[in-house]
Structures are given as structure tokens and as C-alpha cells.
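Remarks on the structure that follows.
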Amino acid sequence: MKLDFCAFTDKGKRNVNEDYIGYESIGSSTCFIVCDGLGGMGRGDEASSCVVNTILDYYRQTGDAFDIDQAFILGQEALLALQRESNAEASMKTTAVILFIKDNMAYFGHIGDSRLYCFNNDGFIRTLDHSIPQILVSQGEISERDIRFHSDRNKLVRVMGNNWSKPNCYNTVKAYDISNTRAFLMCTDGFWELIDENDMVNYLIKSRSSKKWLSLMKKHVLENGRDVNMDNYSAIAIRL
């Protein structure tokens, strides 16, 4: 499976970029990671970089034998250890979304509200945020389109860096056949809050490369964020 991908991260209008992204290819596989350190808690940039670098180190050791559950566990363990060393248990937190592609199969998982979108001929699927608004959607109290503008949209119920009551605080999808998949998009909330899914699809249709697709979406995000205090925003666009 040939992959065409492009990535960027930007601090927006904030003083510090707490987003961190990474990717690497080994043999017939590629691993992508997007993390968003929790703003307002301090040292989110250290948390996000710790998790990304830990998981990429694990991928370099395992290559095609990469296991997504083990990746989350190792990232969590490394972050908790860094918290203890830095006496920062209350401040170093991060979201995470991981995509591992090998041949015609994808394995992905997430925790928090950084998202993965999978676009195919029938539309798209996405990861479901671990947030208060997403819970309200599942309970039928608000609609899906209300998430972006909800007053509690940044309140997360699961993140890396909190002590997990059970090992599967993250969610994974394993052995997803990508034969009919057109593209993936991984992004932080600073990105997806300022562009809706219909626009993502329209720009994908108009683009012949991941670079062009990401460029069109980034322009859209910047236009919608012109009059707001833009958060850090980051994305990885992957076309198959």
C-alpha cells in the first residue's frame, strides 16, 4: 500500500505549542501519532512530546510487529514516570491518537479529543471524543453538530497522564481493512473545531495530493479562526 502523507503543527495564537506529532516508516508499515498537551494545566508540551517519542521509540524496536495496546501502555508509563521525576503529577497530561498501517490493514486508537477520520466511498467514520459533549451526544441531549460550540467542549473525561482505573481507558480499532479507504486525517481539537466534515470531504475531492488537501483545510481553519483566540492546531493528512 503506497501512502502519500503530509503533516504540520502550529501554535495558533497561543504562546506555547502543546501539540506534538510524529511519524515513521519501517519496512511495509508506517506509524503516525498526534498528541495535544492539556492547556491550562501547565507543561502540556512536555507531556505530548514524551508520549510521541516513547511510542516512536517502541515502533523503532518492533517495526511490523508494533502492537497498539502496548504503545498506549508504554506511553502512559513513560508519562507517569516523567510526572514523578518532575513532581508534576497534576500538570502533565495529553490526548493521543495513533494510526499504524501495515500492508492493507490499519490499526488505530485514541484517548481524549484528538481525532482520527477515515474517509471511504461511503462517507467517513471518526473516533468518538472522550469529552463531556460527546457523552451528551450519546445520551441524546445534544446533536453531533453542537460539540464544536458547546461550553464544555474542552472538558475531557479520559487522558494520558491520569491514573487509569482500568487498562482500556483508550479505545482501539484493530485489523481495519483499508482496501476501500481513500484517506485518513488525524488532528487536534484546535483543527477540527474550525472545519466541519463536509468541508474536509469537499477538499479531499478537489485534491490530488495530501499536501494540497491539507493546505486547503489549513486555509479554511485559519479563515474561521481569524477573530478568535486560536488554540494550537495540528494535523496529519494521509491519502492511499
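The values are calculated or read from the model by the stated rules, or taken from the named source; none is laboratory data. Owing to the predicted nature of the structure, the values given are computational and were not obtained by experimental measurement. Here the Cβ is made from the backbone with ideal geometry for all residues, glycine too, and neighbour counts use every protein chain on show. Side chains included, ligands, DNA and RNA excluded: accessible areas come from the protein's heavy atoms. Shrake-Rupley method; radii C 1.70, N 1.55, O 1.52, S 1.80 Å.
Computed quantities for the displayed model
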| item | result |
| --- | --- |
| Residues (among the polar types (S, T, N, Q), under 13 Å from G75 (Cα atoms) and at pLDDT below 90) located in the stretch 160-175 | N163 |
| Failed item in (1) open to solvent by 10 Å² or more (accessible area, probe 1.4 Å); (2) farther than 22 Å from V159 by Cβ, with A106 passing the rest | (1) |
| When residues of the stretch 21-58 are limited to those that are touching a residue at least 40 places away in the same chain (Cβ under 8 Å) and of a type in the set (S, T, Y), the one farthest from A71 (Cα to Cα) | S28 |
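One line per residue, one yes/no per condition, for (1) under 18 Å from M92 (Cβ atoms); (2) in contact with a strand residue (DSSP E or B) (Cβ under 6 Å, 6 or more places away or on another chain):
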position	(1), (2)
I26	no, no
D36	yes, yes
E46	yes, no
V51	yes, yes
Q61	no, no
D67	no, no
